[in-house]
Amino acid sequence: MTTNRVAAVESNLDAYLEQAVAPPELLDDDAPLREGSGLSARAAVGLFECQLESRALDVAARELKRTGRSFYTIGSAGHENNACLGALLRLDDPCVLHYRSGALMMARSRKLPGSTPVFDTLLSLVASKDDPISHGRHKVWGSRELWVPPQTSTIASHLPKASGMAVAIGLARRLGVANDLAADSIVCCSFGDASFNHATALAGIHSARWAKRRGAPVPVLFVCEDNGIGISVETPKGWIADTAARLPYLDYFQAAGELDEIHDATAQAIESCRRTRTPTFLHLETVRLWGHAGSDVETTYHTHDEIEAVEARDPVLRNAKRLIETGAATPDELRALVADVRARVMAAAEEAAGRPKLVTREEIVAPLAPYDAERCASAAAVPRDPEKRRRAFEVLPELVTSATKKTMAAHVNAALADELAARPELVLFGEDVGKKGGVYSITAGLQKRFGVARVFDSLLDETSILGLAQGLAHVGILPVPEIQYLAYIHNALDQLRGEACSLSYFSAGQFTNPMVVRVQGLGYQKGFGGHFHNDNSIGALRDIPGLILATPSRGDDAAKLLRGALTVAKECGRVVCFLEPIALYHERDLYADGDHQWLFEYPPPEQAILPGEVGVYHADHFQLLLVSYANGLRLALRAAKRLKEEFGIQARVLDLRWLNPLPMEAIATHLAACEHLLVVDECRATGGGIADAIVAGLAEAGFNGVAGSVRAADCYVPLGSATAAMLVGEDEIIAMARKVCA
């Protein structure tokens, strides 16, 4: 048995076409392949050509890899019947796709005159910057014109986003948010049978069913391309059907058999999903040829007989037989078509291999974190409609109608009301944010004023919440999801890291999913709640490329920071995490009980804080620069007061506000006027906060002074009074400040 299974499969098709006998009678082009089928002879041959193109691309990818000119060999061989989806779906049906979607993309592209899907795919395979979707950053299926946002997921982490986008189609029309989708558009989401078992996939399907059960239209077509294996682990026979077919609020269809049978079952599933607006599961029978990828040695887990048995089920070979036996085409016609496609693809491969690649760091990262400071400043300063504000606050008159100084909780609530009034595309959602008004009453009264379409409760699953946010953002809605506690966002971190924040990068800025994720967290809650409610690690968030992370320390700043975050999200398509310190929600005092120095008046709605803008206290002090944020700022201010009164040390205090990217330029500017540096970092010492990045950055920039830091212990936060031993304290700041200044 030859070890070159690519050549073996190609030979099987060639051998059949050489010995095949022409049908006694040919079908008319418009005649169906069988009576009652919706697939005509002409359309069937067109599908076959798309399948040949996909197969030839897989062959070219391996040949280019063999010669060191390509970098990706996960192919679509055996999955070519997904071309039926490409032919039957409309261009205003968004598709978030499995990585074996070559034939689907070939067929979908035929709906767009002038498209060049073969060459585009080859440019992607060779990582050329001429690749029209990612510009050489990754091999992805994607196209702005074809409404295919690029996915890099291999574990179905795109399913929650697809569910969210399906919900968003109806919600956008209800809110009057314009986009290029029709009222009866559906969302297609494909994945493999192995990925069906992943928790993220199950969350996406479950959230779609949950939303449908609650009465929302959820027109999502989940397409499970079942080839029976995940790398080397077999899927139990009947597992997909036994599971998916029995789920309520999920309509199940199976597509198997001949090409025309698969086509008709696919058409039925699409029509049902479009008409009923119900989550729909299309179970598509496929096979996997040539292993998981080019690097997969399939003989380590399959015998030669098993491999040949799978190859005998090659859909391209089976479809060739079907076309000839039904009279849709002759052997000569198909032989000529095969030869033409192979020649065209290999010629295009040679051309693509010579196209330029990305070279510089600057061009590679360009679409990752776009920020137009001038544009954001102009947008933030646009005057608000006074009539809209009056209507927004007449139901909640105590928020801004008086000059009374208020807590951070009241400021965030008022800022959300202001933004909901000013931005009709903004929606606010999460666990308990609606009727209850949030765990800490931050969203109290907002649903009553703005309605259940704009302020609503989600199911209790952070993955689904962030998936919904992405789906909403794709269709023009500006989502503000709430994650109840910082510790809980770790359950869903890949929705930010692998999906939301990578979208602009892998689409070269052609797709964005702007959002502001409100996260309640950090410590200092006087021993209540334990580590899940006092999580003091932001390292995982700061590690996400392109993510903006902001956190306020006082009420008026919270309102202005939130406005700035929403402005950057909207104007630049960014994903922003807005970290709200729970312990400061209702804090009133600064230096002594009852001094009320941590209460502030609500700022005018045109005032916003944008990235890089820091807060400065005691600007005339030059001996020591204390740098901190959130709870640490209050501690630093209290410590600065004692340092001056008890030890004669004068400290300027800097509130970072922005924790990713860090405002290093502002830090360096203020440090140039001071002699020493102390970073007060309330998060964990090793990689959990920002102290290491600041000290390292300044050292590399040539800072020659003495620098120090105080940080929380590398430990989970305990319950009760023991918390004080683990978190940064005022006395610790003073001790380290004296040491640094000495």
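Values quoted throughout were computed directly from the atomic coordinates according to the rules given, and no laboratory measurement underlies them. Values in this document were obtained by computation on a predicted structure and should not be read as measured data. Every residue, glycine among them, receives a Cβ derived from its backbone with ideal geometry; neighbour counts consider all protein chains shown.
Checking the cross-link filter: which aspartates and glutamates have an alpha carbon closer than 19 Å to that of K65, excluding same-chain neighbours under 8 positions apart?
Straight-distance partners of K65: E10, E53, D120, D130, D131, D296, E298, E350, E351.
So how far apart, in nm, are the two label points at Q623 and A724 if each is 7 Å from Cα heading toward Cβ?
Calculated label separation equals 2.7 nm.
Computed from the coordinates I sent, Cα extents along the principal axes in Å equals one of (1) 73, 60, 52; (2) 93, 73, 49; (3) 103, 56, 45. Tell me the label.
Computed from these coordinates, Cα extents along the principal axes in Å corresponds to label (3).
Suppose the chain between N4 and R384 were pulled fully straight at 0.36 nm per residue; how much longer would it get relative to their current alpha carbon spacing?
130.0 nm
If you put +1 on each Lys and Arg Cβ and -1 on each Asp and Glu Cβ, how big is the dipole of the chain around its Cα centre, in Debye rounded to 20?
Working: 75 positive and 92 negative charges, 422 e Å.
The dipole magnitude comes to about 2020 debye.
Have a look at the DSSP beta bridges in region 168-298 and tell me what percent are antiparallel, nearest 5. Please list the in-between numbers first.
Numbers: 2 of 19 bridges.
Around 10 percent of the beta bridges assigned by DSSP in region 168-298 are antiparallel ones.
Could you list F281, F450 so that the one with the fewest beta carbons within 10 Å of its beta carbon is first and the one with the most is last?
On the way: F281 25, F450 21.
With the sparsest Cβ surroundings first, the list reads F450, F281.
Apply the a/c threshold of 1.5 to the C-alpha gyration tensor of region 615-741 and tell me whether it is rounded, prolate or oblate.
On the way: a/c = 1.79, a/b = 1.23, b/c = 1.45.
The shape class here is oblate.
If you split all Cα-Cα distances of region 5-354 into 10 Å bins from zero, what percentages do you get per bin, shortest first?
The distribution over region 5-354 is 5, 26, 34, 25, 8, 1, 0, given as percents.
When the dipole is taken about the Cα centre of region 209-250, and only Lys, Arg (+1) and Asp, Glu (-1) are charged at their Cβ, what size is it in debye, to the nearest 20? Write out the running numbers ahead of the final one.
Values: 6 positive and 4 negative charges, 88 e Å.
The calculation lands at about 420 debye.
Could you count how many Lys pairs in region 82-213 have their Cα atoms under 26 Å apart, skipping same-chain pairs fewer than 8 positions apart?
Details: K111/K129; K111/K139; K111/K161; K129/K139; K139/K161; K161/K212.
Step by step, the pairs that qualify in region 82-213 add up to 6.
Provide the packing ranking of 520-532, 258-270, 419-431, i.e. peptides ordered by the mean count of other C-beta atoms within 10 Å per residue, highest first.
Details: 520-532: 19.2, 258-270: 22.6, 419-431: 21.1.
So the peptides 520-532, 258-270, 419-431, ranked by packing, come out 258-270, 419-431, 520-532.
Taking the Cα of K111, stepping 7 Å toward and past its beta carbon, and measuring to each backbone N in region 255-291: which are under 15 Å?
Inside the label zone: 266-275.
Name the shape class, rounded, prolate or oblate, that the alpha-carbon gyration tensor gives for region 356-498, where a ≥ b ≥ c are the square roots of its eigenvalues, rounded holds for a/c under 1.5, and otherwise prolate holds if a/b is larger than b/c and oblate otherwise.
Values: a/c = 2.23, a/b = 1.41, b/c = 1.58.
It comes out oblate by the Cα gyration axes.
FRET efficiency for D543 and T404, Cβ-Cβ distance as r, R0 = 51 Å, nearest 0.05? Please report the intermediate quantities before stating the final value.
Working: r = 41 Å, r/R0 = 0.80.
With a Förster radius of 51 Å, E is 0.80.
Restricting to region 615-741, what percent of DSSP beta bridges are antiparallel, rounded to 5?
Of those bridges, close to 15 percent are antiparallel.
Once the dipole of the chain is set up with Lys and Arg at +1 and Asp and Glu at -1 on Cβ about the Cα centre, which of Y617, G729, G354 lies farthest towards its positive end?
Y617
Along the Cα→Cβ direction, 7 angstrom out, place labels at A453 and R144. What is the inter-label distance in nm?
2.9
Can you give the calculated 222 nm mean residue ellipticity of the chain, where each DSSP H run of n ≥ 4 adds -39,500 (n - 2.57) and the sum is split over every residue, rounded to the nearest 500 deg cm²/dmol?
Numbers: 27 runs with 300 residues, N = 742.
-12500 deg cm²/dmol, from helical runs alone.
If you take the square roots of the eigenvalues of the alpha-carbon gyration tensor of region 477-620 and sort them as a ≥ b ≥ c, do you get rounded (a/c under 1.5), prolate (a/b over b/c) or oblate?
oblate
Based on the Cα gyration tensor of region 543-649, what are the three equivalent ellipsoid semi-axes, each the root of five times an eigenvalue, rounded to whole Å and given largest first? All intermediate terms of the calculation are to be shown ahead of the outcome.
Working: eigenvalues 156, 56, 32 Å².
Semi-axis lengths for region 543-649 are 28, 17, 13 Å.
Work out how much length R69 to L590 would gain on full extension: take 0.36 nm times their residue separation and subtract the Cα-Cα distance, in nm to one decimal.
Numbers: separation 521, 0.36 × 521 = 187.56 nm, distance 6.29 nm.
Between R69 and L590, full extension yields 181.3 nm more.
Tally Lys and Arg at +1 and Asp and Glu at -1 over the other residues with C-beta under 11 Å from the C-beta of V126: what net charge comes out?
With Lys, Arg at +1 and Asp, Glu at -1, the net is +2.
Between A183 and E362, take the C-beta separation as r, use R0 = 51 Å, and let me know the FRET efficiency to the nearest 0.05.
After rounding to 0.05, the efficiency reads 0.75.
Going by C-beta contacts inside 10 Å, put V359, V45 in order with the fewest on the left. Show your work: numbers first, answer last.
Details: V359 10, V45 17.
Ranking V359, V45 by Cβ neighbours within 10 Å, fewest first, gives V359, V45.
Can you give the extra length, in nm with one decimal, that the chain gains between R214 and E675 once fully stretched, where that is 0.36 nm per residue apart less the Cα-Cα distance?
Values: separation 461, 0.36 × 461 = 165.96 nm, distance 6.11 nm.
Extending this stretch completely gives an extra 159.8 nm.
Take the residue pairs K526/K641; K560/K739; K405/K570; K405/K644; K436/K570 and return only those whose Cα atoms are more than 25 Å apart. Can you show the working numbers first?
Working: K526/K641 23 Å; K560/K739 36 Å; K405/K570 30 Å; K405/K644 28 Å; K436/K570 28 Å.
Beyond 25 Å between Cα atoms: K560/K739; K405/K570; K405/K644; K436/K570.
Counting DSSP beta bridges with both partners in the chain, what percentage is antiparallel, nearest 5? Walk me through the intermediate numbers first.
Details: 11 of 66 bridges.
Counting DSSP beta bridges with both partners in the chain, the antiparallel share is about 15 percent.
Which one of L428, A558, V455 is farthest out on the positive end of the charge dipole of region 373-584, using unit charges on Cβ (Lys, Arg +1; Asp, Glu -1) and the Cα centre as origin?
Selected residue: A558.
If we count other beta carbons within 10 Å of each Cβ, what is the order of R554, R390, fewest first? The partial results should precede the final answer.
On the way: R554 24, R390 11.
The most exposed by this proxy come first: R390, R554.
Under 20 Å from a point 7 Å along the Cα-to-Cβ line of D29: which residues of region 326-344 have their amide N that close?
Flagged as within label range: 326-338, 340-341.
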